[in-house]
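*Asks:* Mind looking over this structure? Questions follow.
No lab work stands behind these numbers, since they all come straight from the coordinates. The structure presented is a predicted model; accordingly, all values stated were derived computationally and were not measured. No Cβ is skipped: glycine too gets one built from the backbone with ideal geometry, and neighbour counts run over all protein chains shown.
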Amino acid sequence: MGLSAQEAANWSGGRWTQPPEGSLKGVMQDTRLLEPGMLYVALPGERVDGHAFLSTAMDLGAAGVMCETGRGLPGIPCLEVDHPAMALQKLAHGYRHSIGGLMLGVTGSAGKTTVKDMLASMLAERGATCSTRGNWNNFIGLPLSILSMKPEDDFGVFELGMNAPGEIGALADILNPVAGLITSIGEAHLEKLGSVEAIAYEKAALLRSLPEEGLAVLDLDSPWVAGFRRDCRCRTVSCSLAQQADVQGQPGGEERAMWIKDRIRNQTLQVPLPLPGEHMRRNVLQSVTLALELGLGPEEIRSGLKAFAPAPMRWQVIQVGSYRVINDAYNANPLSMRSAIRTFAEQSQPVEKWLVLGAMSELGEAERSLHEELGHFVDRFAFAGVVCVGARAAWIAEGAERNSCHLVETPTDAGKLLRDHAGPGSGVLIKGSRSERLEQVVAELGDPVAGVSRS
């Protein structure tokens, strides 16, 4: 990274008790991920206070520590600041403007991590690309992701997440992207946002942050596209799966491919679909549209999509004994739940399909009704069985009348029920919010077979 001690002080607004030797090789707030030469950031937390690990960080080879004023240790380089979290954000903002590379922002209620990873995989075919690590998309993760970018990188693809009003705009202020896109809008984070309209407005802060010389990708199939267009002061390019657009997706003649008609460059290209489902077609279309606008050619796009690998617990296909398990349990909201369930139901194999569903979090006053509505949606399809895990997931069963629903208390109970009732060769989709820890179902079913990672 090569960040000088003086730059770190200037950008963060802090003061060194004594300067470190040499430049800083990176920035990290977790001693488990700390590497020699990095700046360790001590963040106060509800459960763990990072200031308790200052000595540990130095023992691990940290060049210095960033800490609250007056809480440093004698004899070590301490960059003292008033608020370490805010200082980290200011440090990332300053660093962002000191390096080259096109900065791109991605947000949305569902699909943002997948689109970010697809786009980064394609751009890596053209030049050095840095992207958000996993889903580090909040006020800690985004700054750390930006600070991991090398000065010589050509592209930076960063994900912006939120669960409260004002967060997307504040994150965009740190990143200052030159191009961006919104993947989709759905009933996520209703607890603090109140309505889907408020969610759409909050997500559109990314578009409002783009400069006049920037670029926004707009999906014409979104019911919010008119408002998104009004929010843009930059050039826009449209995409669609259902209507004429600048870049239009069409069935590819193969189950795992799609045609893309690029009217701007007067070309048509066939691209692979790394994952199944209509929502994945949209993810591919959105990411390819931005890749085309950034100058990538058809072969770079195809190679990048072939190299793409989904993040863990995002449609991760695992063979566990005789069961074909789809672990999509990283997170969930009504939009992503419906997309995953529909895709699973429409697959031709296996014949016997089971759902394991956990609760969806942060839905506020609409929590019960949205779970019941999901039960109604499940009834559109015929499943061998539906396992609802936990008290809140029982509301899904209340909405489902056609499908046979089993209520269990824990993921372990769900695994045991599947072993007792699901026939050999059954397919199992596991989906729920991160807090439900549904990946524990897999452990109860048995040991995964090596070599199976996706479908």
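*Asks:* Note down the net charge around residue 106, summing +1 for each Lys or Arg and -1 for each Asp or Glu among other residues with Cβ under 11 Å from its Cβ.
*Replies:* Taking every Cβ under 11 Å from that of residue 106, the sum is +1.
*Asks:* Throw me the Rg/Rh for the range 316-449, computed over C-alpha atoms with Kirkwood Rh, two decimals.
*Replies:* Ratio of gyration radius to Kirkwood radius for the range 316-449: 0.93.
*Asks:* Please list, ordered by chain and number, the residues whose modelled amide H lies under 5 Å from the amide H of residue 406; skip anything fewer than 5 residues away on the same chain.
*Replies:* For residue 406, the qualifying residues are 386, 387, 388.
*Asks:* Can you tell me the length gained on complete extension of the stretch residue 311 to residue 256, counting 0.36 nm per residue apart and subtracting the Cα distance?
*Replies:* That works out to 17.9 nm of additional length.
*Asks:* Contour minus end-to-end for residue 447 and residue 56, with contour as 0.36 nm per residue of separation and end-to-end as the Cα-Cα distance?
*Replies:* Stretched out fully, the residue 447 to residue 56 stretch lengthens by 137.2 nm.
*Asks:* Once each part is reduced to its C-alpha centroid, what is the distance from the range 40-106 to the range 373-442 in angstrom?
*Replies:* Taking the Cα centre of each part, the range 40-106 and the range 373-442 sit 43 Å apart.
*Asks:* Taking the mean number of other Cβ atoms within 10 Å as a proxy for protection, how do you rank 88-95, 163-170, 103-110, 346-353 from highest to lowest?
*Replies:* The densest-packed peptide leads the list: 103-110, 88-95, 163-170, 346-353.
*Asks:* Can you tell me the Rg and the Dmax, both Å, for the Cα atoms in the chain?
*Replies:* Looking at the chain, its Cα Rg and Dmax stand at 23.2, 69 Å.
*Asks:* Further, regarding this structure: Applying a 10 Å radius around every beta-carbon, put 137-149, 375-387, 42-54 in order of their mean neighbour count, most first.
*Replies:* 137-149, 375-387, 42-54
*Asks:* Using per-residue counts of other Cβ atoms within 10 Å, averaged over each peptide, order 67-77, 430-440 from highest down.
*Replies:* 430-440, 67-77
*Asks:* At q = 0.16 Å⁻¹, what is the base-10 log of I(q)/I(0) for the range 99-307 according to the Debye formula with one equal point scatterer per Cα and no solvent? Please give it to two decimals.
*Replies:* Result of the Debye calculation: -1.02.
*Asks:* Length gain on complete extension for the stretch residue 376 to residue 234, per 0.36 nm per residue less the alpha carbon to alpha carbon distance?
*Replies:* 47.0 nm
*Asks:* Of 203/306; 203/431; 25/150; 116/192, which ones are farther than 18 Å apart at the Cα?
*Replies:* 203/306; 203/431; 116/192
*Asks:* Pick out, from 239, 224, 142, the residue whose Cα sits farthest towards the positive end of the charge dipole of the range 99-307, with +1 on the Cβ of Lys and Arg and -1 on the Cβ of Asp and Glu.
*Replies:* Checking the options against the dipole of the range 99-307, the answer is 239.
*Asks:* Rank the residues 294, 24, 207 as a footprinting-exposure proxy: fewest other Cβ atoms within 10 Å of their Cβ go first.
*Replies:* Fewest-to-most Cβ neighbours within 10 Å comes out as 294, 24, 207.
*Asks:* While we're looking at this one, here's another question. With a 10 Å Cβ neighbour count serving as the proxy for reagent exposure, in which order, fewest first, do 112, 261 appear?
*Replies:* With the fewest neighbours first, 112, 261 line up as 261, 112.
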